[in-house]
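Q: Submitted below is the structure of interest, expressed as structure tokens.
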Amino acid sequence: MLRNFVKLAIRNISKNSLFSAIHILGLSIGISTCLIVFLILKHELNFDTFHRDGDRIYRMYSEFSGIFSGFNRGVAEAVPPYVKENFNGIESSVHFHTYTASVKSMDGQGEPVRFERNWNIIITGSDYFNVFNDYEWLVGDPQTALDRPFQVVITASTAEKYFGKASDYSEYIGRELIYNDSLLLNLAGIIKDLDANTDLVFTDFISFPTLEQSWLKNNFQLDDWGSTNSHTQFFIKLEKGTNKADIEAQIPNIHKTSEERNPNNDYRATFKLQPLSDLHFNKDLGIFDNSRAVANKPTLKGLIIVAILILLIASVNFINLSTAQATKRAKEIGLRKIMGGSRGMLIFQYLSESILICFIAVLVSLPLSEMALTYFNEFIPKGVTLYVFEINTFIFLTLLTFVVGTLAGFYPAMVISSFQPVKALKEKIYGTDHNNLSVYLRKGLTVFQFSFAQILIACAIIISLQISYMMKKDLGFEKDAIVYFYTPWWENLSKRDAMVNGLQQIAEVQTISVHQSPPAVQGTNTSTVIYKGENGEVKHNVHRRTGDVHFIPLYNIQLLAGRNFNPVDSIKEVIINETYMKQLGFQSADEVVGELVYMGGDQPWNIVAVARNFHFQSLHHEIQPLAIFNGKNGACVGVKLSSSGMHGFNPENALVKITAVWNGIYPDQPLNYQFMDESVLRFYNAEKRMAKLITTATIIAIIISCLGLFGLASFTTVQRTKEIGVRKVLGANIKSIILLVSRDFLKLVFIAFCVATPFAYWLSTIWIHDFAYRMDISVWVFIFTGFLSILIAFLTISYHAVKSALNNPVISLRYE
């Protein structure tokens, strides 16, 4: 019987090729969308779920209150040793530092081989492998490999990259690696790469004793309770039977000790525990320094909702067209019932057709999904791939085929199977359903489709306009034709000065400044600044920049009052912005010039100028208090390019010359430069990715909705063939016929506009509220959305409308 049903389904699909194609194309687009979202979810939700003791592993992090508030994924250096010595209920713990370095290995002839900068290095001890005990050691002793100074353990793939392939990993042991040109380490062990989704992507493990017995100790204060850096990580594994609450009950002892060691702190650090399972999703803490971005759960939920809605409107097409076509199968149904066919068999037959169409749509969706993975490669997480016969993917597609096929075909099957055989054979059903439930359902589903499409259109327009607003907004400083780069911080400053002298000889270089960072950067750098005024001492948490005398002119920062820094950097001078000026209680820039502030000691800093407010963070944030301190001990070099060269403004030629100067000073280091304007644009990568996603979802929704409208228009014009013929005989012109065919559909699109507009405004308001500086949402956005939707709908049905209007009325009157 099933074989017979499949044959009948294939015949009906081929007989109604146009409508079958619309069914398949619409469903395949919807299924492809769901498949991509499923692959993303499967990838993101599987991070670090393989750890045997993962439910007992926690990261300790810091939360601040007082003069400033916020989170830091790290802890003060002195916290891990204190916890190890004083806490109960901890099976093992690890204190490590994330680290980046250029790496060199020695070849067989003693010549160095340089590799790109490695961002996945940590400084740790053997206890790392006690907390995370899922690593497989290929060679070396896991208990002692990192207990001695100047030792390093690396992964197998990293060993092959550094030294080439070897028949036995033991051949690598004892080989030398040089980090940042001067840290010479011996290879003490090799571990197998983790082959599951993990945020523990570390490849080089430098022994902790190396930190204490090398120049690295200059960058760390292991007994420091007063400062916190995100590179200082602390993980603990609880003993079996110990609860998180048992550890949290002991944390106040850390607070007490910290406050005793830092009685004059203006802020309070509290310490909390983050489950390992939360590491991949917590946007407030992030994962590690230089690691990938966290997976945003609201974004994932949004993807699920959009995918379901797109699949739903594809299913709506199926229901709409199937119920509209039901009358064409009236005679078939009536004959089957007279021949003894039961309603259940008719429902099963129609559902088999629906599931077969869905199965074909799944096959079509596979190449569409592959193309989508390529098109969205910057949005889709690295590692997301499509393997049809991977067990979870195969089960998902199988379930999707039967569930969608059943749900989409159930109502049409019920409608068709309910036909009365006598009426069906006499064709009494044909054309008599204008007031029944099916007609209202079709209209309601069409309104739903276009409402969703119009919501997406309006949101896509508003997101694009907000992004354009951010790109074009004057940030208050110069960013065009400025390139900046960081010099190696571990090198002698004389090399940096020599490089600056070399850059000054390049004709295309107009201005050079040495500073700690550009005016606008991601991340924050703040300090407590004290002002002693008439009303006593006040403290503020102030964002900080440090630059030389060329910093202000290089970035063309406007001064409201005062002067630029004195060229003699031994004099402590500071330039503050308007926001900080007002926090100090001054309304006039001239009044605050000459006042003194204090930072990190008793020596005062003289306020020599007030700068006009400029955006040193993304437009998500209001402008905060800022202080620019004079000094030229930074590692960042900013260069303003000009058109003074022989061939006019030629940044490529200038960069070639800058690279040559760099290579002469730092031959073993690659030059990683950035353009200031491109760096600012990267503030909004997430918004640009969202815009691309919403735009694509909008296009998909419009295509699916138009496919359904095209099919309904085709069916409707066929149903009204004789009516149109009569109207033409009675004198109706082409324009009136087109309006006749189009009017009912355009009414539905207008109703959809009325439904969609308040939802679109509400969603757009929620999204745009995240920006401190935002455009005004204009009513014209929604008017344009409605006009565009009506135009798209009219163009979709115009083919059938024009075709029916041009038909010979004689042929139309003979139509059966």
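The values are calculated or read from the model by the stated rules, or taken from the named source; none is laboratory data. In this text the structure is predicted, and so the values were computed from the model without any measurement. Heads up, the Cβs are rebuilt from the backbone with ideal geometry, glycines too, and the neighbour counts pull from every protein chain shown. Ligands, DNA and RNA are stripped out before the accessible areas are found, and what is left, the full protein with its side chains, is counted by its heavy atoms. Shrake-Rupley method; radii C 1.70, N 1.55, O 1.52, S 1.80 Å.
Q: Go through segment 219-260 and count every residue that is in contact with a Phe, Trp or Tyr (Cβ under 7 Å, 6 or more places away or on another chain), of a type in the set (S, T, N, Q) and outside any strand (DSSP E or B).
A: 3
Q: So Ile333 ticks every box in (1) over 30 Å from Phe448 (Cβ atoms); (2) open to solvent by less than 20 Å² (accessible area, probe 1.4 Å); (3) assigned to a helix (DSSP H, G or I); (4) at pLDDT below 85 but one. Which box is left unticked?
A: In the conditions (1) over 30 Å from Phe448 (Cβ atoms); (2) open to solvent by less than 20 Å² (accessible area, probe 1.4 Å); (3) assigned to a helix (DSSP H, G or I); (4) at pLDDT below 85, Ile333 misses (1) alone.
Q: Looking for something open to solvent by less than 40 Å² (accessible area, probe 1.4 Å), of a type in the set (Phe, Trp, Tyr) and in contact (Cβ under 8 Å) with a residue 12 or more places away in the chain - is there at least one such residue anywhere in segment 282-290?
A: Just the residues of segment 282-290 that are open to solvent by less than 40 Å² (accessible area, probe 1.4 Å), to begin with: 282, 285-289.
Next, from what is left, pick out any that are of a type in the set (Phe, Trp, Tyr): 288.
Okay, now just the ones that are also in contact (Cβ under 8 Å) with a residue 12 or more places away in the chain, so 288.
Within segment 282-290 (the criterion being open to solvent by less than 40 Å² (accessible area, probe 1.4 Å), of a type in the set (Phe, Trp, Tyr) and in contact (Cβ under 8 Å) with a residue 12 or more places away in the chain), the answer is yes, since at least one residue qualifies.
Q: Answer yes or no as to whether Gln505 is open to solvent by 40 Å² or more (accessible area, probe 1.4 Å) and assigned to a strand (DSSP E or B). Steps first, please.
A: Numbers: open to solvent by 40 Å² or more (accessible area, probe 1.4 Å): yes; assigned to a strand (DSSP E or B): no.
Criteria not met by Gln505.
Q: Based on what the data block shows, is Pro142 touching a strand residue (DSSP E or B) at 6+ places or on another chain (Cβ under 9 Å), in a loop (DSSP other than H, G, I, E, B) and more than 25 Å from Ile57 (Cα to Cα)? Break it down into steps so the answer makes sense when it comes.
A: Details: touching a strand residue (DSSP E or B) at 6+ places or on another chain (Cβ under 9 Å): yes; in a loop (DSSP other than H, G, I, E, B): yes; more than 25 Å from Ile57 (Cα to Cα): no.
Spelling it out, it is not the case that Pro142 is touching a strand residue (DSSP E or B) at 6+ places or on another chain (Cβ under 9 Å), in a loop (DSSP other than H, G, I, E, B) and more than 25 Å from Ile57 (Cα to Cα).
Q: Then there's this: Pick out the one residue from Leu185, Leu216 that is open to solvent by less than 10 Å² (accessible area, probe 1.4 Å), closer than 26 Å to Gln669 by Cα and assigned to a helix (DSSP H, G or I).
A: One residue alone meets the criteria, Leu216.
Q: Identify the residue in segment 566-586 that is open to solvent by less than 20 Å² (accessible area, probe 1.4 Å) and out of contact with any helix residue (DSSP H, G or I) (no Cβ under 8 Å at 6 or more places or on another chain) and, among all such residues, is nearest to Phe629 (Cα to Cα).
A: Val574
Q: A follow-up question, please. Find the residue count for segment 668-708, including only residues that are within 12 Å of the chain's Cα centre (by Cα) and over 25 Å from Thr374 (Cα atoms).
A: So the count comes out to 0.
Q: Tell me, which residue of segment 257-281 that is closer than 15 Å to Asp224 by Cα and free of Cβ contacts under 8 Å to residues at least 40 places away in the same chain is least open to solvent (accessible area, probe 1.4 Å)?
A: Asn262
Q: Another question about this same structure. Which condition from (1) out of contact with any Leu (no Cβ under 6 Å at 6 or more places or on another chain); (2) crowded, with 20+ Cβ neighbours inside 10 Å is the one that Gln221 breaks?
A: So Gln221 meets the others, but not (2).
Q: Something else about it: In this structure, does Phe96 turn out to be assigned to a strand (DSSP E or B) and either surrounded by fewer than 18 Cβ atoms within 10 Å (Cβ to Cβ) or at pLDDT below 90 (or both)?
A: It is false that Phe96 is assigned to a strand (DSSP E or B) and either surrounded by fewer than 18 Cβ atoms within 10 Å (Cβ to Cβ) or at pLDDT below 90 (or both).
Q: Oh, and also: Checking the conditions here, which among Leu465, Leu441 is out of contact with any Asp or Glu (no Cβ under 9 Å at 6 or more places or on another chain), open to solvent by less than 60 Å² (accessible area, probe 1.4 Å) and in a helix (DSSP H, G or I)?
A: Working: Leu465 fails: open to solvent by less than 60 Å² (accessible area, probe 1.4 Å).
After ruling out the rest, the residue left standing is Leu441.
Q: While we're on this one: Hey, can you tell me all the residues within segment 359-388 that are closer than 30 Å to Ile319 by Cα and of a type in the set (Phe, Trp, Tyr)? Break it down into steps so the answer makes sense when it comes.
A: If we filter segment 359-388 for residues that are closer than 30 Å to Ile319 by Cα, which is where we start, we get 359-373, 386, 388.
Of everything in segment 359-388, just one residue is closer than 30 Å to Ile319 by Cα and of a type in the set (Phe, Trp, Tyr), namely Phe359.
Q: One residue is enough: does segment 554-565 have a residue meeting the conditions within 14 Å of Ile628 (Cα to Cα), part of a strand (DSSP E or B) and open to solvent by 50 Å² or more (accessible area, probe 1.4 Å)?
A: Yes, there is a match, as at least one residue in segment 554-565 is within 14 Å of Ile628 (Cα to Cα), part of a strand (DSSP E or B) and open to solvent by 50 Å² or more (accessible area, probe 1.4 Å).
Q: Note down all Cβ pairs under 8 Å where the first residue falls in segment 367-396 and is surrounded by 13 or more Cβ atoms within 10 Å (Cβ to Cβ), the second is among the small types (Gly, Ala, Ser), and they're at least six residues apart or on different chains.
A: Leu368/Ser28; Leu368/Ser32; Ser369/Ser32; Ala372/Ser32; Pro381/Ala295; Leu386/Ser369
Q: While we're here: Is there any pair linking a residue in segment 485-510 that is free of Cβ contacts under 8 Å to residues at least 24 places away in the same chain to one that is in a loop (DSSP other than H, G, I, E, B), with Cβ under 9 Å and at least six apart or on different chains, and which?
A: Hits for this filter: Asp497/Lys632.
Q: Is it the case that Leu177 is under 15 Å from Thr210 (Cα atoms) and touching a residue at least 24 places away in the same chain (Cβ under 8 Å)?
A: Working: under 15 Å from Thr210 (Cα atoms): yes; touching a residue at least 24 places away in the same chain (Cβ under 8 Å): yes.
Here the answer is yes, as Leu177 does meet what is asked.
Q: For segment 515-529, how many residues meet the condition of being assigned to a strand (DSSP E or B) and either at positive phi or touching a His at 6+ places or on another chain (Cβ under 8 Å) (or both)?
A: Looking only at segment 515-529, we keep the residues that are assigned to a strand (DSSP E or B), and these are 515, 526-529.
Applying the additional criterion that residues be either at positive phi or touching a His at 6+ places or on another chain (Cβ under 8 Å) (or both) yields 526, 528-529.
Final tally of qualifying residues: 3.
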